[in-house]
Amino acid sequence: MPSRPVKALLAVEPGVDADSVQDSLPAGEDFNIVGVVTSGEDALNWLRHGIADLLLVACAGYSDRALLLLDAVSRQNPDLSVMVLGHGSPNGFLKRAFEAGADDIVMLPATPEQIHFEVHKMMVRRQGAESPVAAENSRLVCILGPKGGTGKTLSSTNLSVSLAQRGQSVALIDLDLQFGDVALCLGLPPEKTVYDLAQSPGALDWDKLSAFLAAHSSGVQTLIAPRRPDQASAVGAELLREIYSILRANFDWVVVDTPPGFTAEVITSIDNSTEIVMVGMLDSLSLKNTKLGLETLELMKYDPERIYLLLNRAHSRVGISQADVEAVLGRTPDVFIPSDREIPRTVNEGIPIVVARPQSEPAEAFGRLASILLGETGDAEEQVPTAVGAESNGSKRRIFGRKA
């Protein structure tokens, strides 16, 4: 925390258990709750006369009252740090909350230690200092895509295997808790899942967690999604934080395949990540949603240098040029995955294309993503992508920038 204690005002919306929220907050000499209010009007009145460094707004799901309070506070007290403590699904609320003036959002339940870390990170970020770094030296890559059907699971599985082929120890988590397909893409039977882990008794440690990991022939260890959609609710943000911490202590890389949107589980994964791979496709709707996803990460103040952009089906002739892509997204994708008829076949067979057809263009492209993350930049000229929609042949450079 900063050198002097943080003075925090807590605003608790109706329907939220104030005692439960306060039990989640840090307790110590460096963090003081100086007041508790139950309405936006009371919060604004308190801030007109009281002194606080931080406003904590506890709300349930999408909250227009919270948005109004955030907007009013950003105008009345522009220098005040604001953190939202959310319950339930934040879909549709996350971007609005940041736009209204929130500096950070933490999804409850969370431990006092976790909130202490997030408050510290937020306060030093506002002061222009370096954010605290997690103790683990390993890397956690969050594979994001605001909409479904963009190829997140394809990218997650092939990236994981590509990293393993380079001698890295890799854990892959299927976080699409309702409709996850990682096991299918890797040809793994769903004998034990993250739901079974959540239901198992006792404290979570490496010995317990490792018993629920499924081993792929490449060496990738996988935590499989629940078998049925109704089992998804058993896996919460607090369990995920424990899982990530344990896996990062035992693997070089943790790759997280996420569901569409910014759910509580996805936000937790973003908060725990070291890099993000944003996955889109070559069509106008996907590009629009990819842009919205990048904007949301910007509002969350995620370091843009740690965000990589991957474009699937990049050989498709749909009348969209690379210039169009750059105009919409404001940047050039880092990796282009060309269309290939072998991709759906390898998915159906449960064999990643980097294994089934390692010399194919998609396999080379996924390999280049692994190389980028590993810092193996290679020849800079070969990494400049060429025109989207162009067919590769002997006289042209391939879409993902490799010389023909």
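Odds and ends about this structure:
- Qualifying residue in region 188-208 (condition: under 28 Å from Glu361 (Cα atoms) and open to solvent by 40 Å² or more (accessible area, probe 1.4 Å)): no
- If the condition is being in contact with a Gly (Cβ under 7 Å, 6 or more places away or on another chain) and either among the polar types (S, T, N, Q) or more than 23 Å from Phe262 (Cα to Cα) (or both), then region 29-67 contributes Val34, Gly35, Trp46, Gly50.
- Scan region 230-253 for residues that are touching a Phe, Trp or Tyr at 6+ places or on another chain (Cβ under 7 Å) and in a helix (DSSP H, G or I) and the total you get is 3.
- Any hit, region 99-110, residues being among the acidic types (Asp, Glu), part of a helix (DSSP H, G or I) and in contact with a Leu (Cβ under 8 Å, 6 or more places away or on another chain): yes
- Region 88-101, subset open to solvent by 10 Å² or more (accessible area, probe 1.4 Å) and in contact with a strand residue (DSSP E or B) (Cβ under 7 Å, 6 or more places away or on another chain), residue modelled with the highest pLDDT: Gly101
- Lone unmet requirement of (1) surrounded by fewer than 20 Cβ atoms within 10 Å (Cβ to Cβ); (2) over 28 Å from the mean Cα position of the chain (by Cα); (3) over 21 Å from Glu113 (Cβ atoms); (4) of a type outside the set (Gly, Ala, Ser) for Glu29: (3)
- When Gly15 is tested against the conditions (1) surrounded by fewer than 16 Cβ atoms within 10 Å (Cβ to Cβ); (2) on the phi < 0 side of the Ramachandran plot; (3) within 31 Å of the chain's Cα centre (by Cα), the lone failure is (2).
- Some residue of region 219-228 being crowded, with 21+ Cβ neighbours inside 10 Å and closer than 27 Å to Glu118 by Cα: yes
- Taken together, Leu85, Leu68, Leu55 contain a single residue that is surrounded by fewer than 17 Cβ atoms within 10 Å (Cβ to Cβ), within 30 Å of Pro146 (Cα to Cα) and at pLDDT 90 or above, which is Leu68.
- Evaluation of Thr258 against the conditions (1) modelled with pLDDT under 90; (2) of a type in the set (Ser, Thr, Tyr); (3) touching a Gly at 6+ places or on another chain (Cβ under 9 Å) shows that the sole unmet condition is (1).
- Residues of region 229-247 classified as among the aliphatic types (A, V, I, L, M) and open to solvent by 30 Å² or more (accessible area, probe 1.4 Å), total: 2
- Close pairs from region 297-312: first over 15 Å from Cys142 (Cβ atoms), partner among the charged types (D, E, K, R) and not in a strand (DSSP E or B), Cβ under 8 Å, at least 6 apart: Leu299/Lys95; Leu299/Glu99; Lys301/Asp103; Lys301/Arg125
- In the set Val255, Val266, only one residue is touching a helix residue (DSSP H, G or I) at 6+ places or on another chain (Cβ under 9 Å) and touching a residue at least 40 places away in the same chain (Cβ under 8 Å); that residue is Val255.
- Condition check for Asn250: open to solvent by 30 Å² or more (accessible area, probe 1.4 Å) and under 20 Å from Asp104 (Cα atoms): no
- Matching option when the condition is in a helix (DSSP H, G or I) and either modelled with pLDDT under 95 or within 16 Å of the chain's Cα centre (by Cα) (or both), among Ala164, Ala203, Ala198: Ala198
The values are calculated or read from the model by the stated rules, or taken from the named source; none is laboratory data. Quick caveat, the model's predicted, so the values are computed rather than measured. Cβ: placed from backbone, ideal geometry, glycine included. Neighbour counts: every protein chain shown. Accessible surface areas use protein heavy atoms only, side chains included; no ligands, DNA or RNA. Shrake-Rupley method; radii C 1.70, N 1.55, O 1.52, S 1.80 Å.
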